[in-house]
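A short write-up of the structure that comes next.
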Amino acid sequence: MIAAVYYGPEDLRVEQRPTPEAGAGEMVLRVDYASICATDLRILRGAHRKYSPGTVRVPGHEVVGTIAELGSGVSGGFHAGQRVFVAPNVGCGRCRPCQRGQNNLCASYDALGITLDGAFAEFVRVPAAFLEQGNVMRFDEALDGAAVALAEPFACVLRGQQGLRIGSEDVVLILGAGPIGVMHVLAARAAGAKKILVSEQSPERLRTAAAAGADRVVNFRQESLPDTVAGETDGRGADVIVVAAGVHQAMEEAPALAAIGGRINLFAGLPSSDPEIRLDANLIHYKELIVTGTTGCSTGDCRRSMELIRAGKVDLGPLVSGRYPLDRAMEAFAAVRTGNALKVVLHPSGGKGES
Ligand SMILES: [Zn+2]
Ligand SMILES: [Zn+2]
């Protein structure tokens, strides 16, 4: 089979690899779509901690495929030809986070495309633990597989919003309108937010956020964000704020933009070389703010994500901005790096659509 294989920083080679076979309890998928995310960019830069120097591995963790082969003893009603989404992380199953269903926080997790060969390939092997832990989820033929591959990043977004308890009275402010920020707009809308504001500097991204359902978009280079938030909230501030940009200033200004009793999620991370911010503790104290952080997604989050997609409550299709065959993987990565693309997907088995 053909696969895009990581050999080292900026060294991704599209080459022949042995086609995986399904052992007992496993399955092999023909990959229909695998989307590229910021984690993959970090891997390609050589900056991912699970890709230590000398690692040769196939990335790709946002995956939709068709069951090509089933190993012996697979239960759950699976058969060849079914289309499935795979939640990419499995935990050890024994530690405290795992026992609480938070396998994204397991210290010794495995993940497709991170610790195991992933989906930037014609075929991917899904180990038995994934089937045992319910990571493999079927979906309807009628859905666009490229959009379903985004169920994983959308699950991360749902996890980020879980602690924010968004309700029909809430004005939600999202800082940053990259693909994740736009998914936060969709999730907040699905949660029934009263009003959604988005702050961003790229006019193109602001247009996308508006098209996704933001009620008011703000180019913070051209107009005052604090004034706009005050104007849209009768001076109260935003009830919920999601920081979806890995920018110090965005995190630091959130408490001042929040209403009394506001909830804030620091969804984005910061570079490990410079992770510190200055927060006004008195604002958190006197406004009784709740400041949360989340990382990745659990299998349960993926299940909730798939439920919303299956029920038609959220459509991730408009987020797919490019579709590339595997032999154009570097071109696809370059498109993601420009920052103008939303979600770029590879279609290793000739999935429908062109870039
Ligand atoms: Zn991802
Ligand atoms: Zn664990």
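Below, the figures for the structure above:
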quantity: On Cα atoms only, tilt of 299-310 relative to the major axis of the chain in degrees; calculated: 80 degrees
quantity: Dimensionless Rg ratio for region 226-355, taking C-alpha atoms and the 2.2 N^0.38 Å reference; calculated: 1.37
quantity: Region 161-293: relative contact order in percent, alpha carbon pairs under 8 Å with at least 6 residues between; calculated: 22 percent
quantity: Kirkwood hydrodynamic radius of region 89-198, from inverse mean 1/r over distinct Cα pairs, in Å; calculated: 16.2 Å
quantity: Prolate/oblate/rounded label for region 54-131 (Cα gyration tensor, a/c 1.5); calculated: oblate
quantity: Mean accessible surface per residue for region 161-293, computed with a 1.4 Å probe while every protein chain stays in place, in Å²; calculated: 47 Å²
quantity: GluC sites (Glu not before Pro) restricted to DSSP loop in region 50-153 with at most 14 other C-beta within 10 Å; calculated: Glu141
quantity: Surface/4 estimate of mean projected area, convex hull on alpha-carbon atoms of the chain, nm²; calculated: 17.4 nm²
quantity: Over 14 Å [Cα-Cα, region 118-172], rounded percent; calculated: 73 percent
quantity: Vicinal HN-Hα couplings computed from phi for region 79-91 (Karplus, 6.51 cos²θ - 1.76 cosθ + 1.60; Hz; Gly/Pro x); calculated: 8, 4, x, 6, 8, 9, 9, 10, 5, x, 9, 10, x
quantity: Estimated [θ] at 222 nm from DSSP helical runs (n ≥ 4, -39500 (n - 2.57)) normalised by residues in the chain, nearest 500; calculated: -7500 deg cm²/dmol
quantity: Relative contact order of the chain, pairs being alpha-carbon contacts under 8 Å that are 6 or more residues apart, as %; calculated: 19 percent
quantity: Most fluctuating residue given options Ala209, Ala146, Ala47, as computed from a GNM of the chain linking Cα atoms under 10 Å; calculated: Ala47
quantity: Local electrostatic count at Ala80 - Lys and Arg +1, Asp and Glu -1, tallied over other residues with Cβ under 10 Å; calculated: 0
quantity: Cut-off 13 Å between beta-carbons: net charge of the residues surrounding Val124, Lys and Arg +1, Asp and Glu -1; calculated: -3
quantity: Reciprocal of mean inverse Cα separation for region 161-293 (Kirkwood radius, Å); calculated: 14.4 Å
quantity: Selection of GluC sites (Glu not before Pro), region 280-355, meeting DSSP coil and at most 13 other Cβ within 10 Å; calculated: Glu288, Glu354
quantity: Percentage relative contact order, region 5-156, counting C-alpha pairs under 8 Å, at least six apart; calculated: 31 percent
quantity: Principal axes of region 159-224: Cα extent on each, largest first, Å; calculated: 31, 21, 18
quantity: Sparse-neighbour loop sites [trypsin sites (Lys or Arg not before Pro); region 135-194; at most 12 other C-beta within 10 Å; DSSP]; calculated: Arg165
quantity: Hits among aspartates and glutamates - C-alpha to C-alpha of Lys287 under 20 Å, sequence gap 8 or more where chains match; calculated: Glu169, Asp170, Asp227, Glu232, Asp234, Asp239, Glu252, Glu253
quantity: Most mobile listed residue (Ala335, Ala177, Ala238) in the chain, GNM with C-alpha springs under 10 Å; calculated: Ala335
quantity: Portion, in percent, of the accessible area of region 203-355 that falls on carbon or sulfur, probe 1.4 Å; calculated: 50 percent
quantity: Rg over Rh [alpha-carbon atoms, Kirkwood Rh] for region 189-265; calculated: 0.93
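The values are calculated or read from the model by the stated rules, or taken from the named source; none is laboratory data. These figures come from a predicted structure and were not determined experimentally. Don't worry about glycine lacking a Cβ; one is built from the backbone with ideal geometry, like all the others, and counts go over all protein chains shown. Each accessible area value is taken on the protein alone, full model and side chains, heavy atoms only, with ligands, DNA and RNA left out. Shrake-Rupley method; radii C 1.70, N 1.55, O 1.52, S 1.80 Å.
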